[in-house]
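Here is the structure we will look at, set down as structure tokens.
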Amino acid sequence: MRFSIQMPVRTLVQATVLGLIFAGAGALAQTASDAPEDAGDDKIVPFALPQSGPFTPAEIKINNDKAISDWFRSPHANAAAEAFSHWDDDGEIRAACATCHSGEGFRDFHGLDGTEPGVVNGPINIGGVVDCGTCHNAGLANVTEVVFPSGLVHPVQGVEASCLTCHQGRTAGANVTNAIGGLAEDEPSGELRFINPHYATAAATWLGGYGAAGYHYEGRDYSGRFFHARPVASCNSCHEPHTLEVQFEPCLTCHQASKPDEIRIARQSYDGSGNTSVGIKSDIQANAATLLDMIRAYSKDVIGAPMVYDGSRYPYFFTDANGDGAIDMADGKAVPYGSWTPRSLRTAFNWKLVTADPGNFAHNPAYSLELLYDAIEDLSEPLGVDMDEMNLLR
């Protein structure tokens with residue numbers, strides 16, 4: 001049997017609990033006249049007692065329970081991951097980081113919480129992840145463009161705003177150009193520091209030369225946005241939106257492979273190996289490895305200041321003054337590399353941008369190969385390397 005009752009909001013919980021314990025449903029049949037004199041203007045609301053229980057959570061149907069379960073097991077929901085726990089000791093997430101490292105920060109940045117859009121007002125609480133409200137907020141329909149680090153203003157629709165906001169990186173080739181302007185190409189400058197494009201830069205890779213994420217060499221043309229065959233034309237057409245896993249089956253319509261990184265897309269070899277039986281990912285990885293070796297060789301043999309790369313800690317490039325392969329330490333801390341030249345900085349930036357996107361071979365292989373080739377060619381002159389002998393293709 002159900003009872004329709006009215007009572008003040010602020011006394012609802014207390015009355016309900018006491019009534020259930022001591023008097024059962026009958027004791028709860030209060031009306032507005034039973035409210036204390038100091039109830040003031042408390043709003044009177046109706047409520048109905050549920051039928052007798054007990055209730056088991058497993059018996060309650062949730063229409064989107066699979067989507068929630070998939071999301072809960074995805075990297076976007078892993079609150080213990082470095083991407084979401086890095087600021088735990090600080091007590092709040094820095095505004096510069098909060099947009100992409102907390103659903104609360106994302107909504108703040110786009111003004112979905114009623115605040116000014118385009119800036120994180122903060123402070124943003126720790127413990128947040130890329131939650132449901134990051135991608136399913138109704139206000140996303142009003143976000144029609146996303147600004148990239150290069151200054152590009154790119155039009156978006158719906159959930160595209162979420163993907164492109166947080167996978168664009170934080171810097172672009174323009175930042176490098178501004179930093180090295182007016183400096184001698186092969187002279188170390190104390191003014192230069194490594195410029196980090198950031199992580200998981202899929203959107204930056206995807207938009208290619210149009211997005212201008214990489215350092216673009218004067219006189220060179222760069223492939224633009226990677227337009228794949230329809231219906232593979234958006235983030236969600238390749239990635240399951242909750243698990244984030246790649247849906248490989250659509251690829252088999254055009255490609256013969258057992259997994260994405262075995263897809264070739266080209267009948268020529270870009271890494272000089274002549275091997276076209278492997279995926280294009282192999283060419284990108286080989287040229288990236290060649291470029292990193294040349295950056296190290298340039299620092300040691302041309303500049304006379306050896307470096308060590310450690311991808312597990314920022315700023316990744318560290319000093320190795322005696323060239324023993326070990327990072328120099330000072331006061332118990334690794335010494336960041338401080339002998340950057342314009343040439344080493346721009347080539348290292350392009351290398352990091354390409355390798356920061358593990359899906360570069362699918363997002364925009366042509367642009368990735370172009371950035372690597374141009375950086376290798378840039379270093380070949382001071383190193384005395386013959387590009388023809390390397391047999392690379394751009």
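The values are calculated or read from the model by the stated rules, or taken from the named source; none is laboratory data. If you're wondering where the values come from, they're calculated on a predicted model, not measured in any experiment. When we count neighbours, we look across all protein chains shown, and the Cβ atoms used for this are built from the backbone with ideal geometry, even at glycine. When the accessible area is computed, the model is the full protein with side chains, heavy atoms only, and any ligands, DNA or RNA have been set aside. Shrake-Rupley method; radii C 1.70, N 1.55, O 1.52, S 1.80 Å.
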Original post:
List the pairs whose first member sits in the stretch 360-384 and is within 17 Å of VAL176 (Cα to Cα) and modelled with pLDDT of 95 or more, whose second member is among the basic types (Lys, Arg) and surrounded by fewer than 20 Cβ atoms within 10 Å (Cβ to Cβ), and whose Cβ atoms are under 7 Å apart, counting only residues at least 6 apart or on separate chains?
Top reply: ASP374/ARG220
Original post:
Which residue, of SER269, SER273, is touching a residue at least 40 places away in the same chain (Cβ under 8 Å) and over 28 Å from the mean Cα position of the chain (by Cα)?
Top reply: SER269
Subject >> Candidates ALA289, ALA326 - the one that is under 21 Å from TYR199 (Cα atoms), more than 23 Å from the chain's Cα centre (by Cα) and open to solvent by 40 Å² or more (accessible area, probe 1.4 Å) >> reply: ALA289
Subject >> Test set (1) aromatic (Phe, Trp, Tyr); (2) part of a loop (DSSP other than H, G, I, E, B); (3) out of contact with any helix residue (DSSP H, G or I) (no Cβ under 9 Å at 6 or more places or on another chain) - TYR215 fails condition number >> reply: (3)
**OP:** Provide a single number: the residues in the stretch 330-350 that are of a type in the set (Lys, Arg) and in a helix (DSSP H, G or I).
**Re:** 2
**OP:** Check ASP293, ASP283, ASP388, ASP357 and return the single one that is of a type in the set (Asp, Glu), touching a residue at least 24 places away in the same chain (Cβ under 8 Å) and assigned to a helix (DSSP H, G or I).
**Re:** ASP283
Subject >> Single condition LEU393 does not satisfy, out of (1) surrounded by fewer than 17 Cβ atoms within 10 Å (Cβ to Cβ); (2) without any contact (Cβ under 8 Å) to a residue 12 or more places away in the chain; (3) touching a helix residue (DSSP H, G or I) at 6+ places or on another chain (Cβ under 8 Å) >> reply: (2)
Original post:
Out of all the residues in the stretch 137-162, which are touching a residue at least 12 places away in the same chain (Cβ under 8 Å), open to solvent by 40 Å² or more (accessible area, probe 1.4 Å) and in a helix (DSSP H, G or I)?
Top reply: ALA141, GLU160
Subject >> Among residues of the stretch 259-272, those that are open to solvent by 60 Å² or more (accessible area, probe 1.4 Å), under 22 Å from ASP357 (Cβ atoms) and part of a loop (DSSP other than H, G, I, E, B), counted >> reply: 2
Original post:
Right, TYR210: surrounded by fewer than 22 Cβ atoms within 10 Å (Cβ to Cβ) and touching a Lys or Arg at 6+ places or on another chain (Cβ under 8 Å) or not?
Top reply: yes
